[in-house]
Amino acid sequence: MKLPQMIVTTVAAIAFGYLGSQYFNKNMMYVIGGGMVGLGGVTYLVPSKSKV
């Protein structure tokens, strides 16, 4: 990941976390966070077609 992409991703994650904490309850934020961690793990483990 390139540096500008990392900065944009970090700012988007902080903004989503702030807005989510304002509009959703705590349990919903845990579900969304768990889903994002699971999705990240799957995309890390599954080989991409461009690398093969």
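Worth a mention:
- Mean residue ellipticity (222 nm) of the chain, computed from DSSP H runs ≥ 4 via -39,500 (n - 2.57), nearest 500: -27000 deg cm²/dmol
- Over the chain, accessible surface divided per residue gives 94 Å², non-protein components excluded, 1.4 Å probe.
- Apportionment of accessible area to carbon and sulfur, the chain, percent (1.4 Å): 73 percent
- Shape call, the chain: gyration tensor on alpha carbons, a/c limit 1.5: oblate
The values are calculated or read from the model by the stated rules, or taken from the named source; none is laboratory data. Here the structure is a predicted model, which means the values were calculated and not measured. The accessibility values were calculated without ligands, DNA or RNA, using every heavy atom of the protein model including side chains. Shrake-Rupley method; radii C 1.70, N 1.55, O 1.52, S 1.80 Å.
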